[in-house]
Amino acid sequence: MVALYRVLCLVDAICKEYTKRLVISRTTSGNTGKNAIYQSTLELYCLRLSLLYPGKVNYFNDTVYAEEQLYWSQQQQRTLPVCRFTPTQASEVSAAIILVRTTKCHFAVKSGGHAAFAGASNIQDGLAIDLSGLSVLKLSSNNSILSVGPGNRWEDVYLFLDPFNLSVIGGRVGDIGVGGLTLGGGISFFSPFHGWACDNVANYEVVLSNGSVVNANSTSNPDLYFALRGGGNNFGVVTRFDLETFPHGDMWGGQVYHPIQTNRSQFEAYHWFAENLNSDPNGALTVTAVAAPEYGFLFANNYEYARPVENPPIFDNFTSITNFSSTIRITRLPDLVEELKDAQDYGFRQMYITATFKNDVQLMSDIFDMWHAAVDPIFTEVAGLVAALVFQPVTPRVIEKFGKNGGNALGINPDDGSLTICLMLFQWSNQNNDTFIINTLESIVSRANTIAKSRGLYHRYVYQNYAYISQDVFAGYGPENKARLLEIQQAYDPEKVFMDLQPGYFKLRE
Ligand SMILES: Cc1cc2nc3c(=O)[nH]c(=O)nc-3n(C[C@H](O)[C@H](O)[C@H](O)COP(=O)(O)OP(=O)(O)OC[C@H]3O[C@@H](n4cnc5c(N)ncnc54)[C@H](O)[C@@H]3O)c2cc1C
């Protein structure tokens, strides 16, 4: 750490002169005031990093910069930082955090770049810290723990583990990042058995706001460990996730397409499945109504079973519903996540929004009707529109796993019973449609919540990984957990570096 400070001081001397000249040149050229100074400080900051770590800082006009390859949504692709720093070690992340703290520059941190709204993991006129260079994948000597750098995508992780007949709890689409998914919760094909991704992290290596690199697990920094299990980007930059592995070989799964008219049977089958999943937690599913111009309206459901069993009985109510196409087969996990990856497009405008309810057929049906009525008149009018309404269960067994190793921060308790997470997502092409789409989706969620409240089916939880920026994720964790998180934030980040200097994504505020 002392050596690092010495290098920083040396670099500082070169940079101070550069800043002085930059500010003078900007003020004499008419670019005056706070913005000019702020911009110059940022450029200085980027220069410092590039002197310290040659080849790891890129600028907008560099060929390797390519925002469109780094981020999934158009909103994030069009957010342009002053420079992008790609560290390859925790000590380099630490140097970047020390610099932002001292210069008060704004920054964003990116893992897989799949958060949809602008600024979630990118930053206009700030510093983007891209974790893609932190790509370690290493099994412990007894194969029980996989150390994973946040530069990995889930497909990298599963491909690495496949020859060992092992897996971990992670994302269901190949190129989702390990970082964002795990810090927000993380729903996997295997969650009904093992819980969410955050409940299967044995240890986090974290860079704190003072630049120190610490471990957080059930015995070392246990408060921080609790906070990272759902706390998003508010507590530090995680430079390594140590994930618990489990034996895993062939499995059954794929996508099945059903006519949209089967909606009532879908929700009845879903309800039965969710209520009975505890008896066979090898099953997992998403029930998804989709509207896409090429296909019209349909259900594109995902069915998975963790073992190589064809048509397992837990899915009987779905297998008896008419379908017109299916990719279901016995296969390996990397093949399944590749299939789902192929179904997603880069470069479109994207919006996710979510709500949580008690498991109820009539409520699902009413939400479906609202969604259908909103989408039907517009989906051929709005350029590039693809709309989806997704339901997925959170069963009592999953909620039990939320309590593992001291518990996670999500605020869902065993007495909440069987819950359903509802996700609505829209994809479209043209920025001019943003306001209309945001209003449409916010209105459906608000009406759905009102109906759910009136029937005693509402749950306050808002799943961070599916939430829209206007939603209050941390209020959804409940007053006790939110208060505890604020105390932990005060202990680990008293200057609020990760809240004030990293403005993007869901912030933990009083
Ligand atoms: C096509 C698609 C499929 C999805 N499938 C699933 C799924 O199967 N299960 C599920 O639960 N969710 C799923 N999601 C939601 C997904 O979990 C979130 O979008 C998540 O934020 C993506 O993580 P990322 O690392 O790719 O995103 P990023 O945009 O890189 O990061 C998201 C947020 O996490 C922060 N962050 C990331 N890494 C770190 C780190 N190491 N330290 C500190 N902060 C960090 C970033 O600053 C940012 O604020 C899916 C999303 C999409 C678009």
**Listed peptides 377-383, 349-355 by packing density, highest first (mean Cβ within 10 Å)** = 349-355, 377-383
**Cα coordinate range in the chain, projected on the principal axes (Å, largest first)** = 74, 56, 42
**Request:** Quick one: which residues, 5 or more positions from Thr331 or on another chain, have an amide H under 5 Å from its amide H? H modelled 1.01 Å from N in the peptide plane, none for Pro or chain starts.
**Result:** Met251, Trp252, Gly253
**Asked** Out of the DSSP beta bridges found with both residues in the chain, what percent are antiparallel (nearest 5)?
**Response** 90
**Item:** Rounded to the nearest 20 debye, dipole of the stretch 379-451 from Cβ charges on Lys, Arg, Asp, Glu
**Value:** 260
**Request:** Could I have the simple spin-label model distance between Asn143 and Asn210, label points 7 Å from Cα toward Cβ, reported in nm to one decimal?
**Result:** 4.2
**Farthest toward positive dipole pole in the chain [+1 Lys/Arg, -1 Asp/Glu at C-beta], among Ala467, Pro87, Tyr352** = Pro87
**Fill in**
If the chain between Asn278 and Arg329 were fully extended at 0.36 nm per residue, the gain over the current Cα-Cα distance would be 16.0 nm
**Request:** Sketch the reach of a paramagnetic label on Ala383 as a point 7 Å from Cα along Cα-to-Cβ, and name the residues of the stretch 329-368 whose backbone nitrogen lies under 16 Å away.
**Result:** 347-350
**Prompt:** Using a simple charge model, +1 on the beta-carbon of Lys and Arg, -1 on the beta-carbon of Asp and Glu, nothing else, what dipole does the chain show about its Cα centre, in debye to the nearest 20?
**Reply:** 1580
**Prompt:** For the chain, what is the relative contact order in percent, using Cα pairs closer than 8 Å and at least 6 residues apart in sequence?
**Reply:** 15
**Message:** Give me the net charge for the shell around Phe474: Cβ to Cβ below 14 angstrom, other residues only, Lys and Arg +1, Asp and Glu -1.
**Reply:** +2
**Item:** Sulfur and carbon atoms: percent of accessible area, the chain [1.4 Å]
**Value:** 52
**Message:** Counting heavy atoms of the protein chains only and a 1.4 Å probe, report the per residue accessible area for the chain as a whole number of Å².
**Reply:** 38
**Request:** Can you pull the one-decimal nm distance between simple spin-label points at Asp376 and Ser443, each 7 Å off the Cα toward Cβ?
**Result:** 1.6
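Would you mind checking Lys401/Lys453; Lys138/Lys496; Lys104/Lys507; Lys110/Lys404; Lys110/Lys358; Lys104/Lys138 for any pair whose Cα atoms are more than 24 angstrom apart?
Lys401/Lys453; Lys138/Lys496; Lys110/Lys404; Lys110/Lys358; Lys104/Lys138
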**Prompt:** Order of 387-400, 291-304 by packing, highest average Cβ count within 10 Å first?
**Reply:** 387-400, 291-304
**Message:** Along the charge dipole of the chain, pointing to its positive end and built from +1/-1 on Cβ of Lys, Arg, Asp and Glu, which listed residue (Val157, Tyr477, His271) has its Cα farthest out?
**Reply:** Tyr477
**Prompt:** When the Cα centres of the stretch 318-362 and the stretch 416-475 are compared, how far apart do they sit, in Å?
**Reply:** 18
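The values are calculated or read from the model by the stated rules, or taken from the named source; none is laboratory data. These figures come from a predicted structure and were not determined experimentally. Neighbour counts are summed over all protein chains in view; Cβ atoms, including those assigned to glycine, are modelled from backbone coordinates with ideal geometry. Side chains included, ligands, DNA and RNA excluded: accessible areas come from the protein's heavy atoms. Shrake-Rupley method; radii C 1.70, N 1.55, O 1.52, S 1.80 Å.
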